[in-house]
Amino acid sequence: MKRIIYTEWLKVKNYRVFWVILVIAAIMIPAGSYVPAEIYTRQLKDAAKMLGQAPFSFPVVWQTVANISSYVTTLFGLLMVILVTNEYTFRTNRQNIIDGWDRKEFVYAKLFWVVALSLMAFLLSVLTACTYGFVYGDKPFSTENFIYLIYYWLQVVLTLCIALLLSVWVKRAGFAIVLFLGYTMMLEQTLVFMLKRSVGRIGGLLPLQTADELLPFPVVGKMISSADRYDDSIYLFGLLLYIAVVIYLVFRKILRSDL
């Protein structure tokens, strides 16, 4: 495994595009919560108290930051698309096989990035929530709602896995990026809207939507009727199932196709 990680490091060490996007994604996590925190604590503080919860006080801050950070997830997925399609563009995947790699090791190398990028997003969100909870909050530290950051981490994992699957199927960077952005930013949301309007809450069971259902903004979440959604355990099961299925499809594609 050390050999795989070292090889992956060599591929990105001097890759400027990778580091630029990674830095932007990393900055966006704390930056995305800054403006809402300022607005709520300086202009809407009384309104938040009337609703019975302050979004940037413990323990609600975990859920708030998880919800806001989820909007940055696409950037990490974009990184995955670039990393994987570069393998096909520059034929480094074939060179790895020639050098003695097993096809499964190629998948393990990409799953390393799934783990690394998702943990990075998770840890940055944890640090952001802690910092904002202490700076903007008025309640003592609590881990009561920390589960929302676990949901967020799983959302990042699923998004990265979907990006990986699209990349190994399409192989071309431009086309893969268009498909990935089109699906995550428009197609699925359109399908969710249509399904929820026509057949009800089943629309919430589409892949990325399962995570969105688990990550409502605190104030908005309390306004959603339980009749309009399933229990959280259903969405969590669906989220884990999608991750497993997508990883299986990636292995199936790599092991059976021509590199």
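What follows draws every value from the coordinates through simple rules; no lab data is involved. Bear in mind that the values here come from a model prediction, so they are computed numbers and not experimental data. Here the Cβ is made from the backbone with ideal geometry for all residues, glycine too, and neighbour counts use every protein chain on show.
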Subtracting the Cα-Cα distance of Met186 and Arg256 from 0.36 nm times their residue separation yields 22.1 nm
Site Glu38, offset 7 angstrom along Cα→Cβ, radius 20 Å on amide nitrogen, limited to the range 133-151, gives 133-138
Cβ-Cβ cut-off under 14 Å around Val170, Lys and Arg +1, Asp and Glu -1: the net charge is +2
So the FRET efficiency between Phe193 and Phe217, C-beta based with R0 = 22 Å and rounded to 0.05, is 0.75
Ranked output for segments 80-93, 61-74 by mean other Cβ atoms within 10 Å, highest leading, reads 61-74, 80-93
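Direction-averaged shadow area of the convex hull around the Cα atoms of the range 89-228, nm²?
11.6
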Quarter of the surface of the C-alpha convex hull for the chain, i.e. direction-averaged projected area in nm², equals 15.0
Summing -39500 (n - 2.57) over every DSSP H run of at least 4 residues in the chain and dividing by its residue count gives a helix-only mean residue ellipticity at 222 nm, to the nearest 500 deg cm²/dmol, of -24500 deg cm²/dmol
Ranked output for segments 159-169, 100-110 by mean other Cβ atoms within 10 Å, highest leading, reads 159-169, 100-110
Restricted to pairs 8 or more residues apart or on different chains, the lysines in the range 31-178 with C-alpha atoms under 23 Å apart form a number of pairs equal to 4
Checked against the positive end of the charge dipole of the chain (+1 on Cβ of Lys and Arg, -1 on Cβ of Asp and Glu, about the Cα centre), the farthest of Met185, Gly174, Tyr34 is Gly174
